[in-house]
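The structure under discussion appears below in the form of structure tokens.
The values are calculated or read from the model by the stated rules, or taken from the named source; none is laboratory data. Predicted, not measured: the structure shown is a model, and the values here were computed from it. Counting neighbours? That spans all protein chains shown, and the Cβs are built from the backbone with ideal geometry, glycine included. Only protein heavy atoms, including side chains, enter the accessible area calculation; ligands, DNA and RNA are left aside. Shrake-Rupley method; radii C 1.70, N 1.55, O 1.52, S 1.80 Å.
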Amino acid sequence: METANGSAGQAAREAELLGIISEITPPDQAMENIVRADFEALAVPPGSLGKLEDIAVQLAGISGERRPSVRKKRIVVLCADNGVYAEGVAGTPQEVTARQAVNMVRGRSGMSVLALATGCEVEVADVGIATPYTKEPDGRGRGILDMKIRPGTGNIAREAAMTRDEAMRAVLNGVSLARKASEEGVDLLGVGEMGIGNTTTSAAVLAALTGRSARDVTGRGAGLPDKAYARKIKVVDRAVRLHFADGSAGARGKEKDPIEVLARVGGLDLAAMCGVYLGCARYHVPAVIDGFISAVAALCAVRLCGDCRGYIFASHHSAERGFRAAMEALGMDAYLHLGLRLGEGSGCPLGFRVMEAACTILSDMATFEEAGIDDDYLENMK
């Protein structure tokens, strides 16, 4: 009877996710065209605003507003531990996942400090932290959200990370966080993570989805020395070979089912982040990628629903190896090159500032007519 109930529950969750995906529509292209024309009227040389123009146009398409604005910003951080830590792929103790989650709601982590400095809210969710911690609230009375699926995943070098249903539940948890953000009037939602060992799981997911080698997509994480780094590459390669050598989950490359890939070699944080991106697309909330792990989760979402891509922005170019491969697979590029590889969502508040600037230029800058400039000279530049 329990098996039947469990199967029914999984089927219901599969149907729920398919329903969410079916409701995702592309951003408003007509509004994007209108705003693109508005930029042509501004008193600047054609194309001189570069990516700022692209950002404002995309935000207009998402919001349906000719003059999009940013009033409320939030970074949502998905926290979980990874069983592959047992393979010696990380130099940081596993209990740091829990400690940093607490530091985030206290406003003491690197990401939290940047968020505070740039006027961003922070929301931290436990989807799979293994170490017990004290659930202390932050200054606004909000503590770590308890959305735990299980206390950490299996060791992907030896077993599946989780069941498909556990991956599905994590994805749907992420969708619910995006829905909550929409209901609470959030204009920009950054997607961050905390989980020791998650650059290893992210590399395995990226390798499985793109067909890239483990060496191509595996970085040093928090700064592994050479010997440990070489071991990490071997672990990623072993995990991908173990779980996909038989060609299951689809042919090697784009055809793989992202949910199955997450279940076999991913993490609960990655699955939940994937759900946040899908939820943002469903509820028309712009979603901002932080770094490598966040980008791999975004790729999972885009592979599930191509229209999801129109709601995603990339904040900074992560120094972690594999980030470029993830961006190439997404067909995107990041705005800032700062050499960051902290994670946690730390690049999001910086990306938010760039996006705010794009909106301000669109709404406040003078047109050629308003500036008293005859734009006939532009004809000679064509």
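Tabulated data for the structure shown
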| item | result |
| --- | --- |
| Selection status of ARG108, farther than 15 Å from GLY351 by Cα, in contact with a strand residue (DSSP E or B) (Cβ under 9 Å, 6 or more places away or on another chain) and either crowded, with 18+ Cβ neighbours inside 10 Å or modelled with pLDDT under 95 (or both) | no |
| The stretch 1-13: number of residues that are surrounded by 14 or more Cβ atoms within 10 Å (Cβ to Cβ) and at pLDDT below 95 | 1 |
| Test result for GLY174, open to solvent by less than 10 Å² (accessible area, probe 1.4 Å) and in contact with an Asp or Glu (Cβ under 6 Å, 6 or more places away or on another chain) | no |
| Residues of the stretch 21-53 satisfying the condition of being open to solvent by 40 Å² or more (accessible area, probe 1.4 Å), assigned to a helix (DSSP H, G or I) and without any contact (Cβ under 8 Å) to a residue 60 or more places away in the chain | SER22, GLN29, ALA30, GLU32, ASN33, ILE34, ARG36, ALA37, GLU40 |
| Among the residues listed as LEU172, LEU209, LEU189, the single one being part of a strand (DSSP E or B) and touching a residue at least 60 places away in the same chain (Cβ under 8 Å) | LEU189 |
| Candidates ARG220, ARG241, filtered to the one that is assigned to a loop (DSSP other than H, G, I, E, B) and among the basic types (Lys, Arg) | ARG220 |
| Leading residue by the ranking (surrounded by the most Cβ atoms within 10 Å (Cβ to Cβ)) among those in the stretch 220-234 that are under 24 Å from the mean Cα position of the chain (by Cα) and modelled with pLDDT of 95 or more | LYS232 |
| ARG71 among the charged types (D, E, K, R) and either open to solvent by less than 20 Å² (accessible area, probe 1.4 Å) or in contact with a Leu (Cβ under 9 Å, 6 or more places away or on another chain) (or both) | no |
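Listed here are the residues, each with its yes/no results for (1) of a type in the set (Lys, Arg); (2) surrounded by fewer than 20 Cβ atoms within 10 Å (Cβ to Cβ).
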position: LEU78; (1), (2): no, no
position: GLU87; (1), (2): no, no
position: VAL113; (1), (2): no, yes
position: GLY128; (1), (2): no, no
position: LYS148; (1), (2): yes, yes
position: GLY152; (1), (2): no, no
position: ARG164; (1), (2): yes, yes
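Per-residue answers, yes or no, for (1) out of contact with any Leu (no Cβ under 6 Å at 6 or more places or on another chain); (2) under 19 Å from ALA329 (Cβ atoms):
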| residue | (1), (2) |
| --- | --- |
| GLY192 | yes, no |
| VAL205 | yes, yes |
| VAL217 | no, yes |
| ALA222 | yes, no |
| VAL240 | yes, yes |
